[in-house]
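The values are calculated or read from the model by the stated rules, or taken from the named source; none is laboratory data. What you are looking at is a predicted structure, and each value in this text was computed from that prediction instead of being measured. As a convention, Cβ positions derive from the backbone with ideal geometry for all residues, glycine included, and neighbour counts pool all protein chains shown.
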Amino acid sequence: MNLRYLIGFVVSVSACSAMPRINLFRPSDRPLMPEPIGSSQLSIGYEGAFHIRAFRDTEEYGMQIDLDRICSHDKKTCLFGLFQNTQNALAALKGTDSDTASGSLAQQFNIDDEARRNGRFRPTGSLHIPLNLLIAQRFYFNHGLTLGFYVPVIHAELKDVVWQAIEQPATSEQILGQDLVKEVERIGGLNLGGWKRTGVGDLVVQVDWMRDFPQCRSLLTHVRTIARLGCIVPTGKRMDEDRLLAFPFGSDGAWGLQFAGGIDLNFGYTLRGGVDVQFEYLFGNTRCRRVKTAPGQTDLLLAQNAPIYREFGLGQQYNIYLESCNFWCNTSLKLNYQLLKQNDDRIDLGSDRIDSRLANSAENLYDWTAHSLIFMVKHDLWKDYECSRVYPSLLGWIKWGFNGKRALLANTVGIQFNVAF
């Protein structure tokens, strides 16, 4: 293929995320990249989450604490503690005029800002992601160039949602509070129950450049450098602002650019290690979003929405790995540490009707991180490179999400089938 045509094609589609705050794989992630063999390679992978929990901001407790330890003994109750441990239904009614429906209802409660437990609820439920289908097609060219197309398909489901009041109703105001969540749901146009969502994620078009440098040394035998440039096309299912934790399957409608680079080092014949860094720059966009309008409001109960411009923080992914290559019968083992991070977002309301500083104080706009350890095993199903025309291989993994901040951490298992021609 003509190199000039290839570069022209990539630039034409690159006029391309807010990454979903969960440690699921995306098909373009570096740990899933197979060895470049043949002229093209198709990869189809499956990832399923079997345990998902939330990690809150470390600063609130002075150290990183798994919510499993501070919510209750039921792990399902920890999911909605992502931003706050409890949700304030009374505060959701603030920030509106007294002659509106929400303002009138708030007056019935005679809200006292010092009453920390009045109108507070702790929702419980469980998030299931039984399917993260990872599809990748790569084409290999001369000079170490690769053109890749990547898209995931995701199915997620929120189940068994229950809103539990912190205090038992006693006064007339508290008795009225039994239906408070339903009133907030009705007035704010929210859906505070479970949901099922299936859809594709963002399409990523990516160009890789790879070069090998053999080393005439006793310990270090080979060095490989990798650079990647891609664009994120916002084909993914967007966040549902009216539902609980209905995260986007991609960049939430934002176009973006992806920059990445890495280095692989071979030690002897069987040991390999490497580092990979990836950055995602997103172009801000305007859409109807939930907004914080009064102090004390919690992120899962924001009753007001408005057209808002969102400027996304820089997305980052870091991978460090150590691999034992072909240690037994074409089988390799790898241990990979992965850090996902996104810097603070910022919103612009475009008017003075809502305090911009207050709106930007919502927890869901602050930075988040997710730490994972990934245990991987790869097996090549072909034996003789010279005689084969098809080169199949299998990659399996177990991922353990063990730490983070304002993020959902999933333990997952997965398998990927690669076939090169």
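Here is how the numbers come out for the structure above:
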item	result
Some residue of region 406-416 being part of a strand (DSSP E or B), among the charged types (D, E, K, R) and surrounded by 18 or more Cβ atoms within 10 Å (Cβ to Cβ)	no
Boolean, Phe247 is among the aromatic types (Phe, Trp, Tyr) and within 19 Å of Asn285 (Cβ to Cβ)	yes
Selection within region 379-403 - under 25 Å from the mean Cα position of the chain (by Cα) and buried (at least 19 other Cβ atoms within 10 Å of the Cβ)	Leu395, Trp397, Lys399, Gly401
Unmet requirement for Ala370, which otherwise passes all of (1) among the small types (Gly, Ala, Ser); (2) within 29 Å of Leu300 (Cβ to Cβ); (3) part of a loop (DSSP other than H, G, I, E, B)	(3)
Number of the condition not met by Pro27 [criteria: (1) closer than 26 Å to Trp368 by Cβ; (2) at pLDDT below 50; (3) surrounded by 18 or more Cβ atoms within 10 Å (Cβ to Cβ)]	(2)
Qualifying residue in region 304-312 (condition: crowded, with 21+ Cβ neighbours inside 10 Å, modelled with pLDDT of 95 or more and not basic (Lys, Arg))	yes
Residue among Asp299, Asp252 that alone is charged (D, E, K, R) and touching a Ser or Thr at 6+ places or on another chain (Cβ under 9 Å)	Asp252
Single unsatisfied condition, Gly62 versus (1) modelled with pLDDT of 90 or more; (2) surrounded by fewer than 23 Cβ atoms within 10 Å (Cβ to Cβ); (3) under 26 Å from Leu373 (Cβ atoms)	(1)
Among (1) within 23 Å of Asp252 (Cα to Cα); (2) out of contact with any strand residue (DSSP E or B) (no Cβ under 6 Å at 6 or more places or on another chain) - the single one Asp355 does not satisfy	(1)
Residue match in region 157-173 (condition: touching a strand residue (DSSP E or B) at 6+ places or on another chain (Cβ under 8 Å), of a type in the set (Lys, Arg) and either surrounded by 14 or more Cβ atoms within 10 Å (Cβ to Cβ) or modelled with pLDDT under 80 (or both))	no
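Results for (1) under 25 Å from Ala54 (Cβ atoms); (2) crowded, with 18+ Cβ neighbours inside 10 Å; (3) within 16 Å of the chain's Cα centre (by Cα); (4) of a type outside the set (A, V, I, L, M, F, W, C), shown as yes or no for each residue.
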position	(1), (2), (3), (4)
Tyr281	no, no, yes, yes
Gly284	no, no, no, yes
Ala294	yes, yes, no, no
Leu301	yes, yes, no, no
Gly315	yes, yes, yes, yes
Leu335	no, no, no, no
Gln342	yes, yes, yes, yes
Ala362	yes, yes, no, no
His371	yes, yes, yes, yes
